[in-house]
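A.B. asks: Sending over a structure as structure tokens; questions will come in a sec.
The values are calculated or read from the model by the stated rules, or taken from the named source; none is laboratory data. This one's a predicted model, so the numbers in the text were calculated from it and none came from an experiment. Cβ: placed from backbone, ideal geometry, glycine included. Neighbour counts: every protein chain shown. In case anyone asks, the SASA skips ligands and DNA or RNA and just uses the protein heavy atoms, side chains included. Shrake-Rupley method; radii C 1.70, N 1.55, O 1.52, S 1.80 Å.
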There are 2 protein chains.
Amino acid sequence: MRRLFIFIFFVLSIRLIAQTTTSNLIQYVNPLVGTKNMGHTYPGATVPFGMVQLSPETDTVQYELNGKYNGDVYKYCSGYQYDDNTIVGFSHTHFSGTGHSDLGDFLIMPTVGNLKLNPGTANNPESGYRSRFNHNNETVQPAYYKVLLDDYAIQTELTATNRVGFHQYTFPESENAHIILDLISGIYNYNEKNVWTFVRVENDTLITGYRQTNGWARTRTVYFAMVFSKPIKEYGHKKYDQNIYKGFWRKFDESKNFPEMAGKQIRAYFNFKTTEGEKIKIKFALSSVSAQGAIKNLQTEIPHWDFELVKNQSQDLWNKELSKIEVETLTDKDKETFYTALYHIFLGPITYMDVDSAYRGLDQNIHYAKDFTNYTIFSLWDTYRALHPLFNLIQPKRNADMIKSMLEHYNQSVHKMLPVWSHYANENWCMIGYHSVPVIADALIKGILTDDFNYNDLLNASVNTAENQYYDGINYYMQLGFVPEDKNSSSVSKTLEYAYDDWCIAQIAEKTGNKLVYDKFILRSQFFTNVYDSTIGFMRPKLSDGTWKNDFNTLSTHGQGFIEGNAWNYSLYVPHQPVQMIEMMGGKKRFVQQLDSLFTMQFDDKYFAETEDITRDGIIGNYVHGNEPGHHIPYLYNWTDQPWKTQERVRMIMESMYSNTPDGLCGNDDAGQMSAWYVFSALGFYPVCPGSDQYAIGSPLVKSAKINFENGKVMVIDVKNQSSKNIYVQKIMLNNKEITRNYLLHSEITEGGFLTYIMGLKPKK
Amino acid sequence: MRRLFIFIFFVLSIRLIAQTTTSNLIQYVNPLVGTKNMGHTYPGATVPFGMVQLSPETDTVQYELNGKYNGDVYKYCSGYQYDDNTIVGFSHTHFSGTGHSDLGDFLIMPTVGNLKLNPGTANNPESGYRSRFNHNNETVQPAYYKVLLDDYAIQTELTATNRVGFHQYTFPESENAHIILDLISGIYNYNEKNVWTFVRVENDTLITGYRQTNGWARTRTVYFAMVFSKPIKEYGHKKYDQNIYKGFWRKFDESKNFPEMAGKQIRAYFNFKTTEGEKIKIKFALSSVSAQGAIKNLQTEIPHWDFELVKNQSQDLWNKELSKIEVETLTDKDKETFYTALYHIFLGPITYMDVDSAYRGLDQNIHYAKDFTNYTIFSLWDTYRALHPLFNLIQPKRNADMIKSMLEHYNQSVHKMLPVWSHYANENWCMIGYHSVPVIADALIKGILTDDFNYNDLLNASVNTAENQYYDGINYYMQLGFVPEDKNSSSVSKTLEYAYDDWCIAQIAEKTGNKLVYDKFILRSQFFTNVYDSTIGFMRPKLSDGTWKNDFNTLSTHGQGFIEGNAWNYSLYVPHQPVQMIEMMGGKKRFVQQLDSLFTMQFDDKYFAETEDITRDGIIGNYVHGNEPGHHIPYLYNWTDQPWKTQERVRMIMESMYSNTPDGLCGNDDAGQMSAWYVFSALGFYPVCPGSDQYAIGSPLVKSAKINFENGKVMVIDVKNQSSKNIYVQKIMLNNKEITRNYLLHSEITEGGFLTYIMGLKPKK
């Protein structure tokens, strides 16, 4: 009887909760978070997983085409740095949080007065078209960015739909109002990024064309269609090509009012006469297929000129997505940090197809995404850890489509490999491993991949990827059981990550009932043991003759067999076999000591200098949170007798390394991975080993959370006795039953119900 | 009764004739004609109007990428010069007879021995991969080219279908046999023609990719699919880019056996082991759309490896097309000259769409040719004169499709202009006028354009083209009635040609019943009178203030208001109003004197030096046959009292300026115009004014001819008393009725029947 009562109460509660309308959650998002220092986020306008990221650029590279390498390119991976006080313009494509640069296509800048086609320098803004601005005149919201351009008294507003950027510029009175379309401007550390640009002035309001670049993506073409709300008075362009095409010399001055422009380095301008307060609006659509495709995207997504309507609809999209997790927190700061993290998480991978499902594939042919949304920008070395696992909870439909996109990549790949680091129909091979595999395994194990997937295809793609003999030391790995450092650098990191990825393949093989493959890859998953030097208690690079590398420094990251992590951090990377790892490393007691040392040791500045992508705050002792290889480490205490130290560490990291301010990220957001770590941790659990169905328990930061699953079910997380001091979990109840283990199962969470953490001031030992 | 008998005989004859089977006419074609000196024809393998022109190159430009301009580029417009004795390789696209260079895509070269990736120089062939060859080992036929590469003892055979080149290389025994795919090699005088190249080794026999160039066509992309008959042993490439993409540095040596190549300057190689006499075959398909499109073209057109079969089928296509005119001549030389001319005429415009009708349009979007064949390479300033009129006789279906292609160009043009000089989805604006218009008018007047044409569309396209204010002095022409030389050079040529083109628009307007447009353009067609200086009896450049240009030299071509012709030649350019022109110039008597002077005067070498594109033989007196503006001039005697002088001159030109040898063309063949002049003249008539239905009568060279029309009708031309001395027409009978005028009507010819010339030794005065 009592049981029945509880059940009814339970069902009613969920119903009530599920009926809650979408609330205004964008108020808690601050897109400026991460724009200061190393976060590499952008503040501009975009919709969840949107193809257009319309965002201001405060500086880019190579304005003068002078061949000089600008050392600051890394700083401008996303185009915007909070400390700058000039804006160069607003371009339509941006990475979020990456540690490498590209994109920045189609920079638009409105000006008045004398036409300047050079962007000028930050020190001397008058030398070019850029303008000063002040953060006091800046409004930054999801899908809305507003700023006053001081030098021109032009009020700038930006919003966007999936494939269309919408600009609204409020001009002063001027006989000389200009819209500059800078086709040279871009983000990348390479003087000749532009391969070709092509522009047509189709009529007095419509411009089309494309830009082809050789940036981080080696072969990339983006088409556009741009429409003005007001007819152009006159227009023209300047070409900075070294070799000027001479075909026109007899007939035209193509620099003015000539409707076809083409070349490598072009800046175009469009002139208008404006009255005081007159708005000139621009809709700017992208396509990977053709200008025709861009026009179709434009007409379909914004068939009107109502800026406010688009802004409101796009912000509604954000509220809808953000409401997948509703939290209450101890402080506003925490709530803003949480929702900003969730916002960053939903910035990518981005949609990569036209409204008619066409997209340019890896083979440069046009493909059609059949019954799914095709995505691009896969920063998998980062995102397989927590981002895709988080999607399995709150974006399973999209994550399944992302896996379809990966399979399309595989089918189009001449290497027959799943993506490594892929964007815009290109494989840029960044970082190591083949971490599409854990994304697939995790989704498969967690039941995200429904009947429209052929599991054997998933397995074949994974196996072929893992057996590509010319990929990054795989041949040696397969022969020797490890990657030898004398043949291939970062050999230990590669060996460890391959071993984990291979364990994931075994999980897929098990799911498909393929024992042969399972056996093969479960064997390979043990190869981590081959690089453990028990005499020093660390993973260590081995040479092809089987001997250990001499002159080994466990603190240094450079040339020691690792990448973005030293031996202290990377030696703990066996996510699939933590028990075996701890045993191998001398048992639980010794392992706790090693973890404690990691978090508390003095870390010399000279070693910090070697640590890429992060700020000094991004390190606790020698633990590097600003890079990914250690993200699971704070949770490893769960496999020892002192799990409360996990709770201590994760609360410490959440408090010290995340905030709601522009400098609120301690390193690159890495396409959402840093933020995904935060969201999981704030909810009180973390996927230490994607590809398994377990979440290690941490210490929730929220007071309460409601996870609204796509299937309509709801999980309510209630944290009792929550405070900044009560960081230790005393007890966990799942639907009124106590959980006595250190982990939760995925199915337990997605089934919905109530998860209650009871917190306390002291560790529960 | 007698009439009925004649009628029956007549019908029977035609029937008998029409049933004649296709004969072996390719035996009379020598594709080497025009390959010596200035003809700019190519000797390689192609089908009629075929997209692939697979032809040897004996030299190209910029081997060393050293930035030096090679002054000989003009000589190598089609890649091959007969006097050379080395072959660099075999590429897949070539202009025929043009005076400007481009194309030369995808050069293939088979070699054995040490791999050389540099083509080397003609003086020192060993310095590169090129080979010596000897014309004794060369077989040159329509759709078949064979040559022995002396340095490698490789027997080379080439044939082609519409979109696929078929190579057959017979190797000696070698451990080191190579097929080089040189993606740098191309035809153009520009050091950075390559914009981008992209290659995928899809498997051990299939290669795909594309090449994007900035040549004469400013923005051009050609895709390919290449398949070997034998698996590749190993492969690689060398990249000559100044800036090497660094994305791969951590993982790959992409130069060897790495299946994706991309960059600006790439030479790839594919290695094989061969036995003595082993054949390696290559099928190489093109597409303007995608690699996918190229693969489809390849699979559709040659789904097997039977080289002989393709050769035979393609030669059958040639026999079929050549048999549209069956001639008997006085000499073998004449027959070979005639059929070679017909062969050259059928080389272009070329097919420009995939087997599924898709093609890349002028707007760079993909379009589909709906129920027609889309063509490209429109050298209209040349070809409107005789080539397209000839097509109206013997290729009306193709000519109608060419006009559809021009209309598609117009629809895709951001300038809303019909083609001027267009190739591969580009307008290169070469030469002057808007001579799509006479092509349209001629086809319309001659009844070629059936119901699937909207005549108003034709008129609108023509009018918009002729009223484009920014095109080449049109604004002045419309304001002042002439193009002023101080504002726009070659002003007289432009004024004269615009006036003629405008007359053609009036004809189109008349056909559509649009009186307003007719009146407007018939007025403009009189503008030729505005540049006639009666005080000197020549057309003369006028300045914008209405005064004549001083320092005027009627013999010089440079800076005198003309292009490719001096005042002596160009002053006679009023094809639509010869009667009025002769009147204006002082009447028939004075006009005959002027013509006589033109053909007989001493022409100073210093003026010859100014005359582009032709050999010294291409001039008779001061009459320049090697360039086009005078092509109608020999026929102008027909409008005087001495028409027999036309007969004299055309026989003289046919005898002295055309032959069956490599130096058999006196100037550029100009996409078939030179050859079309010959074919018309050899048949005894010529279209002095395309857009009218009249052909001026000349003096036939043939003994007899049978024109087999597409509608099944046949015109038999019989030349009685024909000899090299009996060059004067005494009498012309059309179906037994004497023709007493100096012209024939188009309808009279296409109705079929018998046209009899009776020739004599003396002029019929």
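A.B. asks: Quick one: in the range A:685-702, of everything that is in a strand (DSSP E or B) and in contact with a strand residue (DSSP E or B) (Cβ under 6 Å, 6 or more places away or on another chain), which residue is surrounded by the fewest Cβ atoms within 10 Å (Cβ to Cβ)?
C.D. replies: Here the answer is A:694.
A.B. asks: I'd like the full set of residues that are surrounded by 24 or more Cβ atoms within 10 Å (Cβ to Cβ) and assigned to a loop (DSSP other than H, G, I, E, B), limited to the range A:51-60.
C.D. replies: A:51, A:52, A:53, A:60
A.B. asks: Mind telling me which of the residues A:522, A:508 ends up being more than 29 Å from residue A:622 (Cβ to Cβ), in contact with a Phe, Trp or Tyr (Cβ under 9 Å, 6 or more places away or on another chain) and free of Cβ contacts under 8 Å to residues at least 40 places away in the same chain?
C.D. replies: Going through A:522, A:508 in turn, the sole match is A:522.
A.B. asks: A further question on this structure: Looking at B:85, B:66, which one is open to solvent by 60 Å² or more (accessible area, probe 1.4 Å) and either at pLDDT 55 or above or in contact with a strand residue (DSSP E or B) (Cβ under 9 Å, 6 or more places away or on another chain) (or both)?
C.D. replies: B:85
A.B. asks: I'd like the full set of residues that are open to solvent by less than 20 Å² (accessible area, probe 1.4 Å) and either assigned to a strand (DSSP E or B) or closer than 22 Å to residue B:27 by Cβ (or both), limited to the range B:162-172.
C.D. replies: Selection gives B:164, B:165, B:166, B:167, B:168, B:169.
A.B. asks: Here is a follow-up. List the residue pairs whose Cβ atoms are under 7 Å apart, where the first residue sits in the range A:262-277 and is closer than 17 Å to residue A:156 by Cβ, the second is polar (S, T, N, Q), and the two are 6 or more positions apart or on different chains.
C.D. replies: Close Cβ pairs (under 7 Å, with a partner that is polar (S, T, N, Q)) amount to A:274/A:174; A:277/A:170.
A.B. asks: Here's another thing I want to ask about it. Filter the range A:443-465 down to residues that are outside any helix (DSSP H, G or I) and among the aliphatic types (A, V, I, L, M) and give me whichever is nearest to the other protein chains (Cβ to nearest Cβ).
C.D. replies: Per the criteria, the residue is A:449.
A.B. asks: Which condition does residue A:169 not pass, out of (1) more than 13 Å from every other protein chain (Cβ to nearest Cβ); (2) free of Cβ contacts under 8 Å to residues at least 24 places away in the same chain; (3) aromatic (Phe, Trp, Tyr), if it passes all the others?
C.D. replies: With (1) more than 13 Å from every other protein chain (Cβ to nearest Cβ); (2) free of Cβ contacts under 8 Å to residues at least 24 places away in the same chain; (3) aromatic (Phe, Trp, Tyr) applied to residue A:169, the lone miss is (2).
A.B. asks: Starting from the range A:297-320, take each residue that is charged (D, E, K, R) and list its partners that are open to solvent by 70 Å² or more (accessible area, probe 1.4 Å), counting only C-beta distances under 7 angstrom and pairs at least six apart or across chains.
C.D. replies: Taking only residues 6 or more apart or on different chains, the pairs are A:320/A:22.
A.B. asks: Then there is this: For a quick check of your reading of the model, give me the residue pairs whose first member lies in the range B:379-396 and is assigned by TED's automatic domain parsing to the domain that holds residue B:346 and touching a residue at least 24 places away in the same chain (Cβ under 8 Å), whose second is acidic (Asp, Glu) and surrounded by fewer than 24 Cβ atoms within 10 Å (Cβ to Cβ), with beta-carbon atoms closer than 6 Å and at least 6 apart or on different chains.
C.D. replies: Here the result reads B:396/B:710, each pair linking the range B:379-396 to a residue that is acidic (Asp, Glu) and surrounded by fewer than 24 Cβ atoms within 10 Å (Cβ to Cβ).
A.B. asks: Follow-up question, since we're still on this one. State all residues of the range B:459-484 that are open to solvent by 10 Å² or more (accessible area, probe 1.4 Å) and more than 24 Å from residue B:402 (Cα to Cα); if no residue qualifies, say none.
C.D. replies: B:469, B:470, B:475, B:476, B:478, B:479, B:480, B:482
A.B. asks: Let me confirm something: among B:518, B:532, which residue is of a type outside the set (Asp, Glu) and in contact with a strand residue (DSSP E or B) (Cβ under 6 Å, 6 or more places away or on another chain)?
C.D. replies: Testing whether each residue is of a type outside the set (Asp, Glu) and in contact with a strand residue (DSSP E or B) (Cβ under 6 Å, 6 or more places away or on another chain) leaves just B:532.
A.B. asks: Still on this structure, please answer the following. Taking the range B:725-734 on its own, how many of its residues are surrounded by fewer than 16 Cβ atoms within 10 Å (Cβ to Cβ) and in a loop (DSSP other than H, G, I, E, B)?
C.D. replies: Count: 1.
A.B. asks: Tell me, which residue of the range B:190-209 that is of a type in the set (Asp, Glu) and at the interface with another protein chain (Cβ under 7 Å from one of its Cβ atoms) is nearest to residue A:212 (Cα to Cα)?
C.D. replies: Checked the range B:190-209; the qualifying residue nearest to residue A:212 (Cα to Cα) is B:192.
A.B. asks: In a strand (DSSP E or B), more than 14 Å from every other protein chain (Cβ to nearest Cβ), open to solvent by 10 Å² or more (accessible area, probe 1.4 Å) and farther than 18 Å from residue A:89 by Cα: which single residue out of A:175, A:157 fits that description?
C.D. replies: Only one candidate passes the filter, namely A:175.
A.B. asks: Oh, and also: Of the conditions (1) touching a helix residue (DSSP H, G or I) at 6+ places or on another chain (Cβ under 9 Å); (2) modelled with pLDDT under 95, residue A:208 satisfies every one except a single condition; which number is it?
C.D. replies: (2)
A.B. asks: Looking at the range A:101-144, which of its residues are of a type in the set (S, T, N, Q), at pLDDT 95 or above and not in a loop (DSSP other than H, G, I, E, B)?
C.D. replies: Correct list: A:111, A:131, A:136, A:137, A:139, A:141.
A.B. asks: Further question: Show the residue pairs that are 6+ apart or on different chains and have beta-carbon atoms under 7 Å apart, the first residue being within the range B:24-37 and part of a loop (DSSP other than H, G, I, E, B), the second being open to solvent by 20 Å² or more (accessible area, probe 1.4 Å) and of a type in the set (Ser, Thr, Tyr).
C.D. replies: So the pair list comes out as B:32/B:82; B:33/B:661; B:35/B:82; B:36/B:82; B:37/B:615.
A.B. asks: Are any of the residues in the range A:339-355 surrounded by fewer than 24 Cβ atoms within 10 Å (Cβ to Cβ), in the same structural domain as residue A:627 (by TED's automatic domain parsing) and in contact with a helix residue (DSSP H, G or I) (Cβ under 7 Å, 6 or more places away or on another chain)?
C.D. replies: yes
A.B. asks: Another question, if that's okay. Just to be sure before I move on: is residue A:409 away from chain B (no Cβ under 12 Å) and over 30 Å from residue A:713 (Cβ atoms) in the structure I sent?
C.D. replies: Spelling it out, residue A:409 is indeed away from chain B (no Cβ under 12 Å) and over 30 Å from residue A:713 (Cβ atoms).
A.B. asks: Let me ask another. Any chance you could count how many residues in the range B:112-143 are small (Gly, Ala, Ser) and touching a residue at least 60 places away in the same chain (Cβ under 8 Å)?
C.D. replies: Of the residues in that region, 4 qualify.
A.B. asks: Would you point out which residue out of B:403, B:366, B:377 is of a type in the set (A, V, I, L, M) and within 14 Å of chain A (Cβ to nearest Cβ)?
C.D. replies: Exactly one of B:403, B:366, B:377 is of a type in the set (A, V, I, L, M) and within 14 Å of chain A (Cβ to nearest Cβ), namely B:366.
A.B. asks: Here's another thing I want to ask about it. In contact with a Lys or Arg (Cβ under 9 Å, 6 or more places away or on another chain), farther than 25 Å from residue B:716 by Cα and β-branched (Val, Ile, Thr) - does that describe any residue in the range B:319-331?
C.D. replies: no
A.B. asks: Okay, moving on. Take residue B:576 and decide whether it is crowded, with 22+ Cβ neighbours inside 10 Å, in contact (Cβ under 8 Å) with a residue 12 or more places away in the chain, in the same structural domain as residue B:621 (by TED's automatic domain parsing) and assigned to a loop (DSSP other than H, G, I, E, B).
C.D. replies: Judged against the criteria, residue B:576 is a match.
A.B. asks: Would you list the strands (runs of 3 or more DSSP E) that sit entirely within the range A:210-328 and hold 2 or more residues that are more than 12 Å from every other protein chain (Cβ to nearest Cβ) and under 30 Å from residue B:366 (Cβ atoms)?
C.D. replies: Correct list: A:220-228, A:234-239, A:266-274, A:279-287.
A.B. asks: Oh, and also: Which numbered condition in (1) modelled with pLDDT under 95; (2) closer than 17 Å to residue B:52 by Cα is the only one that residue B:281 fails?
C.D. replies: (1)
A.B. asks: Something else now. Among the residues of the range B:425-458, what is the count of those that are open to solvent by 10 Å² or more (accessible area, probe 1.4 Å), hydroxyl-bearing (Ser, Thr, Tyr) and within 24 Å of residue B:563 (Cβ to Cβ)?
C.D. replies: Matching residues across the range B:425-458 total 0.
A.B. asks: Going residue by residue through the range A:672-684, is there one that turns out to be at pLDDT 95 or above and in a loop (DSSP other than H, G, I, E, B)?
C.D. replies: Yes, the conditions are met somewhere in the range A:672-684.
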